[in-house]
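Following: one structure in structure tokens, then a few remarks.
Read-outs: derived from the displayed coordinates by stated rules, not from any lab. Bear in mind that the values here come from a model prediction, so they are computed numbers and not experimental data. Don't worry about glycine lacking a Cβ; one is built from the backbone with ideal geometry, like all the others, and counts go over all protein chains shown.
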Amino acid sequence: RVRRKWIIAHVIRIKLSRRHDDVATPTEKTFWKEGFFFATLLSTCPKSGIFNALALSSTAALSSAQILPWRHDPSLPERILQHNDYSGAFNPTARDPPILRKLIAARELNISAWEVLPIPFYKHNWESDLATGFAIAFEFAVGELLGTLFRASVTNDDNVVTIDSSKGSSSIDPATTIDNNEYLKNMMDKKLLAQFNQSIINREDYQIKCTIRPFQAELQHIFAVPVPGLTREVVEQKQYLKAAIYRLHNAYDENGFDENYFDMVTEFAKEIGHTKRTVIAEASLKCKEFFQVKDKNTGQVVQGMEDDCEEEEVIHLVRFEVVTDETERGEREIGSWKLIDVDDLLEGNVFH
């Protein structure tokens, strides 16, 4: 397997593989068409999908054990239907109109206001392109993840990803683990990786078979973390800042954006700087999916679907994060998007 890395910090034209006419539906053809998208694609193995949940489908085999944190469900998480974007317990902008929050986030991605303002019955290209980019990055990440966890064979045929550890032909170095796979760490947040890594006690006792085919992606939420300079890295390095963030948001709750609030923001900026900004976005991905984990010794399905089940339509919710910085020309430099949560396994993995 030839390792490939695509790091795309700005708008880059990507020609995606088209499905054969006798395989793809009109919706799928539209999804996989040639287009533009914002994303950082860090790819090593063929495209695949990622998952995360506890619910099984109607045709899935019920099991007493959950080997992987996996969500196999055709509906959106309830909080999406309730317009809850998991933007932080003390986020002072959470009550702002969604369009204002989207405008601020879009500015961080060098997208003009005209490209954000709503038009009836029309979706702006940048939104669908960003969601499509998330779908692709999501696929790449899970291929590396499951290939590392199960030493699985990962193949891609017309954008249908198959992960099968029973074939025993993985090209991943046997010495590679989740803990030392730096490439994987660049794609996924360490807390999310830990959820998968810690879920399997004796992984050599299990084999996985999974096929995932995304065919529709939709941007659900996007917002900028309200405090300039505040990033996940800064908070992890300076734990005491969490108390300062609480005081800052409490000041807003009491008196809004008054002079005291902005004085506190100014002091906060002296500690962490003010040029960087964190943008968080999430998209829903409709996929055709087959998922199964078997006990190697008995051949019994311990999680997921039976052998004779067909692929089912499911929805995955993927959440990404990126840090932007100010350039000398006053534009925003976009960093690398990183997957921080899937299907609310970590409740949005909020750090602010």
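Worth a mention:
- Across the cross-link table entries LYS167/LYS209; LYS191/LYS296; LYS167/LYS296, which are compared at the Cα atoms, the separations over 21 Å belong to LYS191/LYS296.
- For the range 156-296, the dipole from Cβ point charges (+1 on Lys and Arg, -1 on Asp and Glu) about the Cα centre works out to 420 debye, to the nearest 20.
- Efficiency of FRET between ASP253 and ASN186 - r from beta-carbon atoms, R0 30 angstrom, step 0.05: 0.25
- Cα gyration tensor shape of the range 276-345, rounded if a/c is under 1.5, else prolate or oblate by comparing a/b with b/c: prolate
- Spin-label pair ASP96-ASN125: with each label point 7 Å from Cα along the Cα-Cβ axis, the two points sit 2.7 nm from one another.
- Residue among LEU130, PRO97, VAL161 farthest towards the positive dipole end of the range 94-164, charges placed on Cβ: PRO97
- A full extension of the chain between ASP205 and ASP295 corresponds to an added length of 31.8 nm, given 0.36 nm per residue minus the alpha carbon distance.
- Length available on full extension from THR177 to GLU313: 0.36 nm per residue minus the Cα-Cα distance, which gives 45.9 nm.
- The range 80-218 - percent relative contact order, Cα under 8 Å, separation 6 or more: 23 percent
- Simple Cβ-charge dipole of the range 126-215, Lys/Arg +1 and Asp/Glu -1, about Cα centre, in debye nearest 20: 260 debye
- Estimated FRET transfer efficiency when R0 is 22 angstrom, pair GLU347-LYS242 (beta carbons, to 0.05): 0.85
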